[in-house]
Amino acid sequence: MTIKSAIMHASRPLSFRLICSDDAIPIIKRKFSLFSRPAYPVDVAYYPMSLDAIKARADRAGVGTKYFAGMGGLVKVFLHELLPGVERAIFVDTDMLFVIDPVLLWNTFSTLKPEQMVAFPTLGPKSDASLICTCVMLLNLSAMRDDKRPFMSSTLLPGWSQNGISGKAFQKVLSGGGLVWDPNHNEFIKFDPKDPLFGDQGIYHVIWTHFPELFAHLSLRWDVTHCRRGYGLKLGHWKDGDGEEMSETDQVKSQFDMREAPEKHNQLLPGILHFNCQNKPIVWDFDENYVENTWSSMITMITRYKWIWLNRGDGSSSVRTIVVQNVRFGDERAAEEERLSRLALEEGGAGMRKKQRLDNA
């Protein structure tokens with residue numbers, strides 16, 4: 001549904017990079033096969049990845065998870081390594097719907113500083129791990145891939161182990177007592193990189209806390225979350241005072257639970273709706289989302305919109321699909337390059353010594 005909502009509202013070509021299990025590929029391919037004449041070009045690349053491979057990379061970074069999202073959620077801290085040819089990307093969870101053009105979110109990249117690697121929504125600079133959201137992120141993937149300062153550490157390479165940003169963040173938090181706030185139990189607990197709060201979000205939170213200069217705040221409009229009742233945003237009702245003619249002043253007054261988010265005193269516009277905190281494996285099968293509630297008509301419209309109706313073009317644009325082979329993590333590629341470079345130097349040195357012996361003969 002997330003993919004369909006993006007295509008429905010897009011005014012530009014779209015490129016999807018889907019990291020998924022092998023068995024998910026034919027399911028997603030079937031959806032894309034239902035339309036072949038999009039209004040704008042659509043590129044789709046599948047990156048098949050096993051949970052065992054993700055766990056192995058997590059072990060090399062000294063991280064893990066017991067969170068319900070499992071390794072499929074933890075892979076979010078390694079996206080930059082799996083997409084070596086991509087400089088920047090928007091990450092979006094699969095329980096979210098675009099209700100406006102994705103290009104408006106993409107344009108936010110222009111506001112980021114060169115050193116900023118990640119932008120995600122927060123409820124202010126003192127947010128605990130539950131008050132940030134890695135559900136939607138702007139990722140400067142090329143900056144995260146800097147071999148001299150990689151975002152995630154790895155035991156495969158000495159430089160990555162010593163200079164990895166994640167490892168340095170873990171050292172800082174643990175050297176300071178190692179305590180992080182657990183909002184579920186209203187107490188401080190010891191940070192455990194093998195079992196961080198909220199999985200990948202707990203890892204991002206610790207890095208954000210200790211290296212805030214690498215992050216930017218992303219407007220809450222891109223995470224109108226069910227967990228906080230959409231911050232008070234809702235569709236207007238016909239002949240209702242909160243209807244289509246509501247003023248900006250009244251809109252701001254009706255907003256709530258934004259804590260210390262930078263935009264708490266400004267009008268919040270819905271960009272992406274997030275249907276989390278529903279305790280359902282597939283939120284689009286949850287009946288509550290289709291009865292009269294805050295966003296039911298939008299959900300119904302997007303989920304029931306036929307894929308064949310995305311044939312909006314004249315045939316000049318198409319849907320192009322590839323399945324990437326031999327998907328590896330960045331530390332594996334870097335270690336292999338280092339091994340080959342060392343081998344070349346050794347062979348070059350042996351050749352030079354042989355030439356010297358011949359010259360001296």
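Residues that are more than 15 Å from Leu233 (Cα to Cα) and surrounded by 15 or more Cβ atoms within 10 Å (Cβ to Cβ) within the stretch 260-279 comprise Ala261, Asn276, listed in sequence order.
Quick grid of which residues meet (1) outside the structural domain of Ile25 (by TED's automatic domain parsing); (2) among the charged types (D, E, K, R); (3) out of contact with any Pro (no Cβ under 7 Å at 6 or more places or on another chain); (4) in a loop (DSSP other than H, G, I, E, B):
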position: Trp309; (1), (2), (3), (4): no, no, yes, no
position: Gly313; (1), (2), (3), (4): no, no, no, yes
position: Ser317; (1), (2), (3), (4): no, no, no, yes
position: Ala334; (1), (2), (3), (4): yes, no, yes, no
position: Glu337; (1), (2), (3), (4): yes, yes, yes, no
position: Leu340; (1), (2), (3), (4): yes, no, yes, no
position: Leu343; (1), (2), (3), (4): yes, no, yes, no
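Note on the stretch 15-43: among residues that are assigned to a strand (DSSP E or B) and over 17 Å from the mean Cα position of the chain (by Cα), the one that is nearest to Pro102 (Cα to Cα) is Val42. A Cβ distance below 9 Å, combined with a sequence gap of six or more or placement on separate chains, defines the contacts here; from the stretch 11-33, residues that are of a type in the set (Asp, Glu) reach residues that are loosely packed, with under 13 Cβ neighbours inside 10 Å in the pairs Asp22/Ser50.
The residues in the stretch 247-266 that are without any contact (Cβ under 8 Å) to a residue 12 or more places away in the chain and in contact with an Asp or Glu (Cβ under 9 Å, 6 or more places away or on another chain) can be counted, and the count is 1.
The values are calculated or read from the model by the stated rules, or taken from the named source; none is laboratory data. What you are looking at is a predicted structure, and each value in this text was computed from that prediction instead of being measured. We place every Cβ from the backbone using ideal geometry, glycine too, and count neighbours over all the protein chains shown.
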